[in-house]
1. Just to confirm the number: angle between the C-alpha axis of helix 326-337 and the first principal axis of the chain, 0 to 90 degrees, nearest 10?
2. If you find the alpha carbon centre of the stretch 99-163 and of the stretch 166-219, how far apart are they in angstrom?
3. Let me have the 222 nm mean residue ellipticity of the chain computed from DSSP H runs of 4+ only, each contributing -39500 (n - 2.57), with the sum over all residues rounded to the nearest 500.
4. Ignoring ligands, DNA and RNA, how do V265, V369 rank by accessible area with a 1.4 Å probe, largest first?
5. F151 accessible area, nearest 10 Å², 1.4 Å probe?
6. Just to be sure I understand the model, the point goes 7 Å from the Cα along the line to the Cβ. What's the resulting T412 to S321 distance in nm?
7. Report the normalised scattering of the stretch 226-320 as log10 I(q)/I(0) at q = 0.23 Å⁻¹, calculated by the Debye formula with identical scatterers on the alpha carbons.
8. Using only Cα atoms and rounding to the nearest 10 degrees, what angle (0 to 90) does helix 279-290 make with the longest principal axis of the chain?
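The values are calculated or read from the model by the stated rules, or taken from the named source; none is laboratory data. Keep in mind that this is a model prediction, so the values were computed, not measured. When we count neighbours, we look across all protein chains shown, and the Cβ atoms used for this are built from the backbone with ideal geometry, even at glycine. Ligands, DNA and RNA are stripped out before the accessible areas are found, and what is left, the full protein with its side chains, is counted by its heavy atoms. Shrake-Rupley method; radii C 1.70, N 1.55, O 1.52, S 1.80 Å.
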Amino acid sequence: MNRRSTRLKRSALVLSAAGMLVAAGFAVLPGSASAATTLGASAAARDGRFFGTAVAASRLSDTAYTTILDREFNAVTPENEMKIDATEPNQNQFSYTNADRIVSHARGLGMQVRGHTLAWHSQQPGWMQSLSGTALRNAMINHITQVATHFRGQVTWWDVVNEAYSDAGDGSRRDSNLQRTGNDWIEVAFRTARAADPDAKLCYNDYNTDNWSAAKTQGVYRMVQDFKSRGVPIDCVGLQSHFTGGSSYPSNYRTTLSSFAALGVDVHITELDITNAPTAAYTNVTNDCLAVARCKGITVWGIRDSDSWRSGESPLLFTSSGGKKAAYTSVLTALNNGTSPTSPTTPPGSPTTPPPAGSCTASITPGTVWGDRYNTSVTVSGATSWTVTVAITSPQQVTTTWSAAFTNAGTTLTVKPNGSGNTFGFTTMTNGNSSARPRVTGCTAS
Ligand code: G3I
């Protein structure tokens, strides 16, 4: 029996609410709230965030590797298999075998996929390296169109452009054959990706953009600000966050995350690894993401130290033999107990009409969607003591709840604060109706 059918059978057998929580990576503690026991489940319980990993197709036959992958993560990024040299080794001849293997493994287990990457100065096949000018611009457009079309409906987020800024310290673009086709190459890449897959979220991804004071960070910030002001389609910014001895976790990292978020884009931590995996830095990164509502998830750049592109530095959450490191426990603990998400910074000039006394506002944010269930989070404003009612459409059923006190009467959820803050969430099984979504029917301040 393969792993997928094992999992499906196991899901079908798990009929009690407690059993369902265990299957989803939750430990049910008698008389207390449930605590997630895997990275993916605990991140999902924090407003539907993801906790992902880079995956190499060549390791999918290693059961020690897939055991951890399948248990711990709810998102994947192909480490090399979607890069230009892998997907278009000869001009206009596309090769998707290894990328498809990863996508099918991930989606078969309900994980989301970050596509990486459509346009990059590095990992170009020889034919592309030798192109310039209009021929290169057209080849880039064709590549993005073909690859994003192939993965349409399967990739949730694309790193459309990777590493386009220089390390010169002046916030300028990196010199590359793509840059030499004209400064508009990045926005052309984003518009092309949007046309090929209108539903995918489109990200700009880079390294050394973690420190808010760094010229490179400011250069990327200005580009995103410019794109948002001119309507260039960009949805998210990825901070790779490869923290090493020479580029350590900066104390203003949270400011970087919240500043990008305030531009109206989501923020992802896309390639996290930290030399020698210090618990404090891993905890800080996790708490910083949890503190920014638009920080939608964290991806570590590999599972075990032996899987890392810099394995000599032991930068990941699992030992080479698959054991959980102290940093793993720190991250899981932070995900389960960390600070509550804050609302995004209100842009200057936004209306800030307070709700009338005695009332409050509850707004829904859709979360992760799987084949058979989806997450919803609700944020209450205008009161700290409140009762919110939410209508569910039968035959859908709420199975898991977090960060508030719930009374579940079938199609009506009644929710009150339990000291966890003003954002709560729940998982709804679709039970065959995939279109209905929960509605807030009341918010009363008390
Ligand atoms: O698979 C071949 C193997 O058959 C061959 O014998 C061997 C000898 O050269 O090469 C193997 O391929 C290597 C591949 O990793 C798989 O291990 C490539 O040479 C090597 O260049 C490639 O390195 C990857 C690197 O990107 C390429 O730029 C790393 O795995 C990958 O982790 C790294 O990821 C990047 C992100 O895409 C962008 N951000 C930085 C990050 C780290 O450099």
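1. For helix 326-337, the angle is close to 50 degrees.
2. If we compute the Cα centre of each part, the gap is 15 Å.
3. Values: 13 runs with 133 residues, N = 446.
Per the formula, -9000 deg cm²/dmol.
4. Final ranking, largest accessible area leading: V369, V265.
5. Result for F151: roughly 0 Å² accessible.
6. If labels sit at T412 and S321, their model points lie 5.7 nm apart.
7. Debye curve over Cα of the stretch 226-320, log10 I(q)/I(0) at q = 0.23 Å⁻¹: -1.11.
8. 70
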